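Okay, structure first, notes after.
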Amino acid sequence: MKSRKDQLVSYSDNQRQAAMSKYKVIQPNLAYQKSLVDISEDEGIPLRTLQRWKKHYQENGLIGLVRKTKSDSGKTRLDPEVISEIESLFFTYRKMSIATIQRKLCKFCTEKKFISPSYSQVYKAIKSLPSSVGVLAHEGEKVYSEKFDLIKIREPKRPNEVWQADHTLLDIEIIDTKGVPKRPWLTIIMDDYSRAIAGYSVSFDSPSAIQTALTLHQAIWTKRDSKWPICGIPEHFYTDHGSDFTSDHLEQVAIDLRINLLFSKVGVPRGRGKIERFFLTVNQLFLESLPGYIGNSDKADRLNFQEFRNKLHHFLIYDYNFKEHSSIKMCPIDKWNSKLFLPNLPENLEKLDLLLLEISKSRKVHSDGIHFQGLRYTNPNLSAFVGESVLIRYNPSDIAEIRVFYRNQFLCNAVSPEISNYSIDINDLVAARTKRRKILKEKINSPSSVDLLITEQEEKAGHSNKKKKTTLKRYFNE
């Protein structure tokens, strides 16, 4: 048997407080200080009531003073078959009013010779049903699952344990290169533990696998900006089921970098609330104050793409990352740095490029360089590989430079003189050609001559790098 204390706990706070109030009224009589007659006169409570309270307390203690509710309180006194018909009508017809249900029931009860329920009885019967049952019947399993399924929320315990990624079409119009106002897409990669922004990209193009890969490239590698220290290979990469996130390319990258890909349930983006709230923050704290915002009437002075990107970069890196977050009670940068850990980085930038930068078709090295996208790309090292097929990789946002690979080995960076300030020293070009002829004559019968060519060119490249600082462009926030 349960103790009286355990039983008392099963009642509401109001019921227990009411019982305590009754006890305090009769307590002087229980302590032999006042008679019930005197208490009745002082408190204005009938003597019979005080006698009943005292009797209940002496028999059952404080729980005897709890006001009991009727077992059928709140329930409708209807025939079970009538209640079943009410529930059937309610579940079957989503938009049917209670008045209509009550009218249909009157016809049903007449046929079955039951007493017809009143409107209030039908109302009470419907309101007594669990709200989850109504949602399941009227809105389907998907909505029911979102509202009532029990889920386990797993919070990361350290930086770079989980990164989230998503895209959104921003509520602002900016001017493209042709002078046409367009809404840009924002791609974000966020560290789940600290809420810090690890990488981002903005583009007029719809989300794609290459856009995701380029953003992940930026997020993983170290940035030039000391105010933006977020970097490293995440343990888990959490996304939705968009085609850009489920591409073979991203899957191969994840395997090579030992990243565990996590996907939200199809059509049910549970656990994506953090990045969704971030997009709301961007909208409210950044976009609403800019010209061209969809909700503003004044759109005359819209920003161009570069102006918008500069403002977005400042907001993400210098405002958002350094502003106290309401959930973690500190700024994201401090949270990310709080564990004093060393991020897991790729062996080198070339390996990361090989995985994440777009792969084009093989290109043949011509005597004047590599032809690609109507441009010509040159580098002294290419003179040793005229006539050979190479693989090139490039960043679509900066095609002034391409990376050249031969047999999956990084060969060099090739630059287009037409769209950059890069120029090749003619003496270096002549020296490279002379060296190539000499090697070919000496090693013409050697089966490993091509491998030796690569070794020689790598040594030359290393020597050249020691002599002078490179003037090659680097990727934005590489």
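The values are calculated or read from the model by the stated rules, or taken from the named source; none is laboratory data. What you see is a predicted model, and the numbers here were worked out from it, not measured in a lab. With ideal geometry, Cβ positions are generated from the backbone for all residues, glycine too; neighbour counts draw on all protein chains shown.
Mind listing whichever residues of the range 16-36 are surrounded by 10 or more Cβ atoms within 10 Å (Cβ to Cβ), among the aliphatic types (A, V, I, L, M) and over 12 Å from ILE63 (Cα atoms)?
VAL25, ILE26, LEU30, LEU36
Of the conditions (1) over 51 Å from the mean Cα position of the chain (by Cα); (2) modelled with pLDDT of 60 or more, PHE405 fails just one. Which one is it?
In the conditions (1) over 51 Å from the mean Cα position of the chain (by Cα); (2) modelled with pLDDT of 60 or more, PHE405 misses (1) alone.
Counting residues that are at pLDDT 90 or above and of a type in the set (A, V, I, L, M, F, W, C), which helices (runs of 4 or more DSSP H) fully inside the range 11-114 reach at least 2? I'd like the intermediate steps shown before the answer.
Numbers: elements: 13-30, 36-43, 47-60, 80-92, 98-112.
Because the criterion is at least 2 residues that are at pLDDT 90 or above and of a type in the set (A, V, I, L, M, F, W, C), the helices (runs of 4 or more DSSP H) in the range 11-114 that meet it are 13-30, 36-43, 47-60.
Just need a number here: residues in the range 250-271 that are surrounded by 16 or more Cβ atoms within 10 Å (Cβ to Cβ) and either of a type in the set (Phe, Trp, Tyr) or at pLDDT 65 or above (or both).
Going through the range 250-271 one residue at a time, the tally reaches 5.
Limited to the range 93-119, what total is found for residues that are within 14 Å of ALA137 (Cα to Cα) and free of Cβ contacts under 8 Å to residues at least 12 places away in the same chain? Walk me through how you get there before you give the answer.
So the first thing to find is which residues in the range 93-119 are within 14 Å of ALA137 (Cα to Cα), and the list is 93-96.
Then drop every residue that is not free of Cβ contacts under 8 Å to residues at least 12 places away in the same chain, which leaves 93, 95-96.
Qualifying residue count, the range 93-119: 3.
Could you grab the pairs with beta carbons closer than 6 Å, sequence gap of 6+ or different chains, first residue in the range 307-334 and aromatic (Phe, Trp, Tyr), second one in a helix (DSSP H, G or I)?
What qualifies is PHE322/ILE333.
Listed residues LYS323, LYS364, LYS311; which is touching a Gly at 6+ places or on another chain (Cβ under 9 Å) and not polar (S, T, N, Q)? Full working, then the answer.
Details: LYS323 fails: touching a Gly at 6+ places or on another chain (Cβ under 9 Å); LYS311 fails: touching a Gly at 6+ places or on another chain (Cβ under 9 Å).
Answer to the selection: LYS364.
Taking the range 214-237 only, how many residues are in a loop (DSSP other than H, G, I, E, B) and either under 21 Å from GLU155 (Cβ atoms) or in the same structural domain as TYR394 (by TED's automatic domain parsing) (or both)?
Restricting attention to the range 214-237, the residues satisfying the condition of being in a loop (DSSP other than H, G, I, E, B) are 221-235.
Going one step further and asking which of them are either under 21 Å from GLU155 (Cβ atoms) or in the same structural domain as TYR394 (by TED's automatic domain parsing) (or both), we end up with 230, 232-235.
Residues in the range 214-237 being in a loop (DSSP other than H, G, I, E, B) and either under 21 Å from GLU155 (Cβ atoms) or in the same structural domain as TYR394 (by TED's automatic domain parsing) (or both): 5 in total.
Name the residue that is nearest to CYS412 (Cα to Cα), counting only residues in the range 313-357 that are modelled with pLDDT under 85 and touching a strand residue (DSSP E or B) at 6+ places or on another chain (Cβ under 6 Å).
Restricting to residues being modelled with pLDDT under 85 and touching a strand residue (DSSP E or B) at 6+ places or on another chain (Cβ under 6 Å), the top hit is GLU350.
Conditions tested, residue by residue: (1) of a type in the set (Val, Ile, Thr); (2) over 30 Å from LEU129 (Cα atoms).
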site	(1), (2)
LYS22	no, yes
ILE26	yes, yes
GLY44	no, yes
GLY61	no, yes
GLU85	no, no
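Which condition breaks for LEU169 when tested against (1) modelled with pLDDT under 80; (2) of a type outside the set (Phe, Trp, Tyr); (3) outside the structural domain of SER97 (by TED's automatic domain parsing)?
(1)
Are any residues in the range 196-213 assigned to a loop (DSSP other than H, G, I, E, B) and surrounded by fewer than 24 Cβ atoms within 10 Å (Cβ to Cβ), and if so, which ones? Write out each step before concluding.
At the first step, the residues of the range 196-213 found to be assigned to a loop (DSSP other than H, G, I, E, B) are 196, 204-208.
Within the range 196-213, PHE204, ASP205, SER206, PRO207, SER208 qualify.
Would you mind telling me which numbered condition in (1) closer than 19 Å to PRO346 by Cβ; (2) at pLDDT 90 or above; (3) not small (Gly, Ala, Ser) VAL202 fails?
Result: VAL202 fails condition (1) only.
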